[in-house]
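Everything on this sheet refers to the single structure shown next.
The values are calculated or read from the model by the stated rules, or taken from the named source; none is laboratory data. Keep in mind the model is a prediction, meaning the values are calculated, not measured. Counting neighbours? That spans all protein chains shown, and the Cβs are built from the backbone with ideal geometry, glycine included.
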Amino acid sequence: MIQTSNFNSICLISNRKDVVKFCEQAVGSLAKIYTENEFSSSIIRFSNFVLLDSSMVQKEESFLFLKENKDINKKVILLVPFNNSSKKEFFDFSFIKESITVPSSFSLFRQKIEQLLVEKQFNPKIYFPNENSVVIKNNPEFSGFLGDSKEILKVKNQIINIAKNNQPVLLLGETGTGKTTIAKIIHNLSQRVGNPFVSESIPNLPDQLASSILFGNTEGAYTDAKHRQGLFKAANKGTLFLDEVGFASFSIQGLLLTVIENGIIRTVGKDKEESVDVRLIFATNSDLSSMRKQGLLREDFYQRISAYCITLPALREHILDLPIIVKELLKDLNKEIDEYALEKLMKYTWPGNIRELQNCIKRAATFCKSPLITQEYIVFND
């Protein structure tokens, strides 16, 4: 669990530079202020309250979500442009009871913010969403991929759509962003669930043994060779996940391309080709597009594996999901975390992403003998 009663956070949703500058200066040290260019449910849940420039609500579903969820909309303060009072709004925000004119008197605005921080205490029941509230969140397959930010919801929607077909998938993302987890989710949401999920890292495939490892070999196919099934036969009717595809040599790229295009393999030591039914998922933290332009990746191979591509965001790009992730990590550790430790986690850039966060929380829980993890136990790798 996370103690957050004293963690003051305000979300400002506006892309007008004058408004952003005014609000940031006025709020000052009263609270942490996050500026977003798009409305989403996660940033509202995370904040004591939200300063909403009404022009930023562009989609009807966002407006309806705001209007129909009273626990959410009562946290919203509408920002009314000082010189824009005559402009007709696309949506009717009359259900929002409080508004502030901006820019306005600096001292009066700050006074209003102080008042609101007292009245609108952070409520973890609103922040930590009901797991049954959204279909995606209710899917147990996503239990290992937490978050309801717009970045994470975009990935979850892509996963659901891509899982329905049998085409190769390319997962892009920094180290520790959860590419292996996503590959397993795609498999489990597909019609191949119940059949094998096999994973291997491309650097573990030396060129001289790649054919045998991928396609298998007969006993005696080469000196001292013992029978090997091969990854494709092991994954038949299921999914083969190949990580670090950026390390694939031209030879390995050619072997994989043949299977992608024809669905056939030939076991080393046999003359006869065999059909296989395998869904391929590739992953990398390399820039494959640049590698292709540099001649390090075959054009035909790149085009075949990148038709269905999912880019996983770095943790720093969806940092507002961090408390949800921390809550889940602490669930089995019988620990809580105070607001200062949580704020320290929020300020860090997380070059190792989710994996680094997992290690950080486990380390803190191990060395902190108290049930409450405090900030001195939050130690980063750098």
Inset, instruction - Report whether or not Ser249 is out of contact with any His (no Cβ under 8 Å at 6 or more places or on another chain), of a type in the set (S, T, N, Q) and surrounded by 13 or more Cβ atoms within 10 Å (Cβ to Cβ). - result: yes
Inset, instruction - Report yes if Ile361 is at negative phi and at pLDDT 95 or above, otherwise no. - result: yes
Legend entry - Total residues in segment 326-382, condition of a type in the set (Val, Ile, Thr), under 19 Å from Gly178 (Cα atoms) and in contact (Cβ under 8 Å) with a residue 60 or more places away in the chain: 2
Inset, instruction - Being touching a residue at least 40 places away in the same chain (Cβ under 8 Å), assigned to a helix (DSSP H, G or I) and under 19 Å from Leu280 (Cα atoms) is the filter here, so list the residues in segment 142-165 that pass it. - result: Val155, Gln158, Ile159, Ile162
Legend entry - Breaking point among (1) modelled with pLDDT under 75; (2) closer than 16 Å to Leu116 by Cβ, for Val76: (1)
Legend entry - Hits in segment 278-298 (condition: in a loop (DSSP other than H, G, I, E, B) and either of a type in the set (Phe, Trp, Tyr) or touching a strand residue (DSSP E or B) at 6+ places or on another chain (Cβ under 9 Å) (or both)): Val278, Asn285, Ser286, Asp287
Inset, instruction - Confirm whether Asp243 is under 25 Å from Gly176 (Cα atoms) and assigned by TED's automatic domain parsing to the domain that holds Asn285. - result: yes
Legend entry - Filtered residues of segment 102-112 (kept if of a type outside the set (D, E, K, R), at pLDDT 75 or above and surrounded by 15 or more Cβ atoms within 10 Å (Cβ to Cβ)): Phe109
Legend entry - Where Lys270 falls short, out of the listed (1) exposed (fewer than 14 other Cβ atoms within 10 Å of the Cβ); (2) over 21 Å from Asn204 (Cβ atoms): (1)
Inset, instruction - For Phe128, indicate whether it is touching a helix residue (DSSP H, G or I) at 6+ places or on another chain (Cβ under 8 Å), of a type in the set (Phe, Trp, Tyr), modelled with pLDDT under 75 and farther than 18 Å from Leu51 by Cα. - result: yes
Inset, instruction - Starting from segment 283-297, keep only residues that are over 23 Å from Ala183 (Cβ atoms), then list their pairs with residues that are among the small types (Gly, Ala, Ser) and surrounded by 12 or more Cβ atoms within 10 Å (Cβ to Cβ) whose Cβ atoms are within a distance under 9 Å, requiring at least 6 positions of separation or different chains. - result: Leu296/Gly246
Legend entry - Criterion: among the aromatic types (Phe, Trp, Tyr), modelled with pLDDT of 75 or more and either part of a loop (DSSP other than H, G, I, E, B) or on the phi < 0 side of the Ramachandran plot (or both) - qualifying residue of Phe63, Phe22: Phe22
